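Read through the structure below, which is laid out as structure tokens, and then see the notes.
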Amino acid sequence: MQRLQFLRLGWLAITALPGFVLAPAQAQAPATVKAPQRSPFLISRPVPDQASIDRGRALYVPTCGFCHGTNATGAEGPDLVRSFVALRDEGGNEIGPVIKAGRPGMPAFPQLTDDQIRDIAAFLRNRQQDAIDRNAYQIKNVNTGNIEKGKAYFAAHCAACHSPEKDLKGIGGKYEDAVLLGKIVYPTGRGVTPAARRTVTVTANGKAISGRLEYLDDFEVGLKDSTGEYHAFQRGPTVKVAVKDPLAGHEKLMKIFNDADLHDVLAYLVTMK
Ligand code: HEC
Ligand code: HEC
């Protein structure tokens, strides 16, 4: 299904970015791997292994963090430290089906393996135990770029669609730095996945109908109009399909960004208070 393919490509593009957010997280991994210290009076369930937590964090932050918060306490998506699904989870048995199938407002990640899901579960359990233990959790500072270089990069690659005085005014104070970093690559609005934001105009028999793109493959196109009514069309030479994706600009950027550009642009965005 087209919608699924779109999301899968988006995700691949994020993980394919050279060294993107994964690099700092990996660099943080300790040389000797041992379980974190926990108070036996507070923590009754097994403490996950530190290597698994670190791998889970490296996956979670760029893949899930911009919707669920980099420390998993929620952003556009729900808080996963207090979520019953995540609290009940054992090694991915509860969160796994949600991750693989997606939810309204959450893309499916069918490409994540059971081992990767177990690592994400370990990271989330670690966050829950941190919350119980009241240990501070700090994500590594991601604002390490050069403001002037970021400003130049912004002028060349972002200014066609964005302005520091208009739509991005105050962006630096709006999100945590790591969430903002994710937004540059993969912006989402209020829990709506980019695929759901695509609109389409179908012209058939001289009549044009526009609405939110719901389905698209080589044979069929489906849309929901402004009243919520679903329209399906067989595709063919007499049926014109024009898809508009407001985030196409970001899709293209994913292919040319490198790690330094991203961090420079972030440093510049953070100055937009
Ligand atoms: C585009 C935003 C987005 C991304 C990316 C995303 N989620 Fe979600 N997630 C949501 C939203 C929104 C919900 C709530 C859906 C609902 O109301 O059922 C949700 C629900 C969940 C739930 C169920 C919580 C509960 O208590 O019901 C889990 C678990 C979860 N997400 C884990 C993840 C993990 C792990 C990742 C990364 C692999 C991820 N999500 C990526 C938006 C997102
Ligand atoms: C071709 C147009 C286009 C280009 C180029 C573009 N963007 Fe965007 N950007 C968008 C659209 C559309 C949105 C979604 C706006 C919305 O949510 O309403 C967006 C959203 C964002 C957001 C999230 C804003 C928010 O309030 O949550 C950030 C941050 C962002 N872009 C940064 C950048 C940066 C940095 C660049 C350059 C490296 C860039 N964009 C290039 C079109 C573009």
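The values are calculated or read from the model by the stated rules, or taken from the named source; none is laboratory data. Since the model is a prediction, treat every value here as computed from it, not as a measurement. Note that we place each Cβ from the backbone using ideal geometry, even for glycine, and neighbour counts take in every protein chain shown.
Which of the numbered conditions does LEU87 fail, given that it passes all the others? Conditions: (1) of a type in the set (A, V, I, L, M); (2) assigned by TED's automatic domain parsing to the domain that holds ARG57; (3) touching a residue at least 60 places away in the same chain (Cβ under 8 Å).
(3)
Which ones in the range 43-75 are in a helix (DSSP H, G or I) and more than 14 Å from the chain's Cα centre (by Cα)?
Scanning the range 43-75 gives GLN50, ALA51, SER52, ILE53, ASP54, ARG55, GLY56.
Output the number of residues of the range 184-196 satisfying the condition of being modelled with pLDDT of 70 or more, surrounded by 18 or more Cβ atoms within 10 Å (Cβ to Cβ) and either near ligand 2 (Cβ under 7 Å from one of its atoms) or within 12 Å of CYS67 (Cβ to Cβ) (or both).
1
Tell me whether the range 157-168 contains one or more residues that are of a type in the set (D, E, K, R) and closer than 25 Å to ASP49 by Cα.
The answer is no; no qualifying residue exists.
On the given criteria, is PHE219 over 30 Å from ALA155 (Cβ atoms) and more than 16 Å from ligand 1 (Cβ to nearest atom)?
When the stated conditions are applied, PHE219 passes them.
Can you name the residue in the range 76-123 that is within 26 Å of TYR175 (Cα to Cα), assigned to a loop (DSSP other than H, G, I, E, B) and among the small types (Gly, Ala, Ser) and is also farthest from ligand 2 (Cβ to nearest atom) among such residues?
SER83
Among the residues of the range 139-171, which ones are out of contact with any Lys or Arg (no Cβ under 9 Å at 6 or more places or on another chain) and not in a loop (DSSP other than H, G, I, E, B)?
ILE147, GLU148, LYS149, GLY150, LYS151, ALA152, TYR153, PHE154, ALA155, ALA156, HIS157
Conditions (1) within 8 Å of ligand 1 (Cβ to nearest atom); (2) surrounded by 13 or more Cβ atoms within 10 Å (Cβ to Cβ); (3) modelled with pLDDT of 90 or more; (4) more than 22 Å from GLN50 (Cβ to Cβ), marked per residue:
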{"residue": "SER83", "(1), (2), (3), (4)": "yes, yes, no, yes"}
{"residue": "GLY91", "(1), (2), (3), (4)": "no, yes, yes, no"}
{"residue": "ILE95", "(1), (2), (3), (4)": "yes, yes, yes, no"}
{"residue": "ALA101", "(1), (2), (3), (4)": "no, no, yes, yes"}
{"residue": "ALA108", "(1), (2), (3), (4)": "no, yes, yes, yes"}
{"residue": "GLN111", "(1), (2), (3), (4)": "no, no, yes, yes"}
{"residue": "ASP115", "(1), (2), (3), (4)": "no, no, yes, no"}
{"residue": "ARG118", "(1), (2), (3), (4)": "no, yes, yes, no"}
{"residue": "ALA121", "(1), (2), (3), (4)": "no, yes, yes, no"}
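For THR201, are the conditions met, namely being modelled with pLDDT of 95 or more, within 30 Å of ASP225 (Cα to Cα) and of a type in the set (S, T, N, Q)?
Answer is yes for this residue.
Out of the residues in the range 236-269 meeting the condition of being touching a strand residue (DSSP E or B) at 6+ places or on another chain (Cβ under 6 Å) and more than 11 Å from ligand 2 (Cβ to nearest atom), tell me which one is nearest to ALA155 (Cα to Cα).
VAL243
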